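Below is one structure, written out as structure tokens; the observations come after it.
Just so it is clear, none of the values below were taken in a lab; they were calculated from the coordinates. Keep in mind the model is a prediction, meaning the values are calculated, not measured. Neighbour counts run over all protein chains shown; Cβ positions are idealised from the backbone, glycine included.
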Amino acid sequence: MDDSESMTEPIKKKSFGKAIGGVAGVGVFLAALGLALDYYYFTNGGIGPTTPPDSNSQGERPDEESNEPDPPSPPDTTPPPSPDALASIIVETAVSNTIYGKAVGDEYQMHNGHGYIKVAYGWSGRRANDTEVVGETCDIVVDITGPENIPSETYAQCSNHETDFFNASDNDMQISTPGTYEITVTDEKTGVSGSKEITILGE
């Protein structure tokens, strides 16, 4: 080997060493960049720097409203009222025994010195077409309020007209305190009720 070849050999070795060092430096840089990107993705929930934010990711409504029609309303499944259903109650009253009292216009007056009057009550349950409901399919409660304490009564009849002298014993009330009384008849099954006020006069 001549002198020129011996002089170029160290130069080749140095250049090759520099090339290897450069490649290693690039590898270290890329590895560090990869770690930095992994850390960025981890701390940002996996969203990269170029990932656009989702407008609906936080439950926000889109800018444009939907043109889809509203869903139809569910059908009304409420059954129509029965033609036999109780719609109203008319309350009736009468002097049940004229020995103890009499009617004076719209008022009832005690007489003959007995110190009390007997008044009977009745009611007529009516349908929506104003025909009468008959039978014992109701749950009737009769409440009487006024100056005198009169206990409530219960019945099954949807209509009851026993207000005359011969049939009033079940619906009879004896009143000895003059004043205004209200008879309220209520069907507990339907909540339908009716009432009537009467005035009792002393002798």
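So the values come out like this:
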| quantity | calculated |
| --- | --- |
| Set of the stretch 179-203 residues, backbone N closer than 16 Å to the point 7 Å along the Cα-Cβ line of TYR116 | 179, 200-203 |
| Label-to-label distance, nm, for residues given as LEU201 and ALA87 (7 Å Cα→Cβ offset) | 3.8 |
